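Participant: One structure is given below, represented as structure tokens, and several questions about it will come after.
The values are calculated or read from the model by the stated rules, or taken from the named source; none is laboratory data. Since the structure is predicted, the reported quantities are computational estimates derived from the model, not experimental observations. All Cβ positions, glycine included, derive from the backbone under ideal geometry; neighbour counts span all protein chains shown.
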Amino acid sequence: MKIMKFLLPALLATGLLNTVLAEDMLPISAADVANDYPGALLTPDPNTEYKVVFDFAMADDNLDDPYPMLPLVARYVNTLAKLGVPEKNRKIAIVMHQGSGLIGLKNAEFKARHNGKDNPNIELIRQLHAAGVEFHLCGQGVLAREVDEADLLDEIQVDFWALTTLIELGRQGYVILGG
């Protein structure tokens with residue numbers, strides 16, 4: 001009985017500690033993971049290479065809030081990691097065009113274009129990029145909105161045109177989501 005008094009709390013603490021450690025090891029600290037569903041028939045396979053491109057397109061009239069798809073991408077990356085998909089098998093890209101490209105502006109330029117409001121996307125963009133997510137920005141949109149590349153976050157790559165980027169990534173086997 002005395003052993004149970006000490007063993008039970010120790011086991012509970014170990015379980016909680018493992019949960020905390022697992023959450024600390026997720027690639028995106030600012031994001032959650034999808035909930036486990038016992039008995040699910042389809043789940044990510046750690047031996048599969050996941051090539052996914054998220055097509056971000058939205059009007060640029062309301063960028064005061066964090067871009068709604070960024071947390072979804074972060075949750076997907078964390079879920080793949082939690083389920084054992086190694087980073088080398090997580091090929092995730094984001095193609096930004098229309099107004100969504102402006103989420104990649106450095107804070108000073110974002111503030112200048114949005115009535116002094118801070119860019120709410122910077123930290124999550126940096127965490128996603130550090131976790132291996134590539135950010136592609138439409139060069140045609142950069143030209144149309146007169147964005148200086150020096151005003152973009154270092155994590156943002158400018159491509160010729162979002163359309164050609166989506167086609168090229170699709171040709172390389174990426175599954176295109178959104179748009």
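Participant: Does segment 113-135 hold any residues that are at pLDDT 95 or above, within 22 Å of Ala59 (Cα to Cα) and outside any loop (DSSP other than H, G, I, E, B), and which are they?
Facilitator: Ile122, Glu123, Leu124, Ile125, Glu134, Phe135
Participant: Looking at Pro38, Pro71, Pro27, can you tell me which residue is surrounded by fewer than 19 Cβ atoms within 10 Å (Cβ to Cβ) and not in a helix (DSSP H, G or I)?
Facilitator: After ruling out the rest, the residue left standing is Pro38.
Participant: Does segment 41-63 hold any residues that are surrounded by 10 or more Cβ atoms within 10 Å (Cβ to Cβ), among the aliphatic types (A, V, I, L, M) and either more than 30 Å from His136 (Cβ to Cβ) or at pLDDT 95 or above (or both), and which are they?
Facilitator: Of everything in segment 41-63, those that are surrounded by 10 or more Cβ atoms within 10 Å (Cβ to Cβ), among the aliphatic types (A, V, I, L, M) and either more than 30 Å from His136 (Cβ to Cβ) or at pLDDT 95 or above (or both) turn out to be Val52, Val53.
Participant: Also: How many of the residues in segment 110-135 are without any contact (Cβ under 8 Å) to a residue 60 or more places away in the chain and crowded, with 18+ Cβ neighbours inside 10 Å?
Facilitator: 6
Participant: Is there a residue in segment 85-103 that is over 19 Å from the mean Cα position of the chain (by Cα), at pLDDT 95 or above and either buried (at least 19 other Cβ atoms within 10 Å of the Cβ) or small (Gly, Ala, Ser) (or both)?
Facilitator: no
Participant: Return the pair list, or none, for Cβ contacts closer than 7 Å from residues in segment 153-165 that are closer than 22 Å to Leu128 by Cα and in contact (Cβ under 8 Å) with a residue 12 or more places away in the chain to residues that are among the β-branched types (Val, Ile, Thr) and surrounded by fewer than 20 Cβ atoms within 10 Å (Cβ to Cβ), at least 6 apart or on different chains.
Facilitator: Leu153/Ile122
Participant: Out of everything in segment 139-179 that is loosely packed, with under 13 Cβ neighbours inside 10 Å and either in contact with a Lys or Arg (Cβ under 8 Å, 6 or more places away or on another chain) or among the polar types (S, T, N, Q) (or both), what residue ends up being nearest to Asp55 (Cα to Cα)?
Facilitator: The extreme case among them is Val175.
Participant: So His97 clears everything in (1) under 22 Å from Asp148 (Cβ atoms); (2) part of a helix (DSSP H, G or I) except one condition, right? Which one?
Facilitator: The number of the failed condition is (2).
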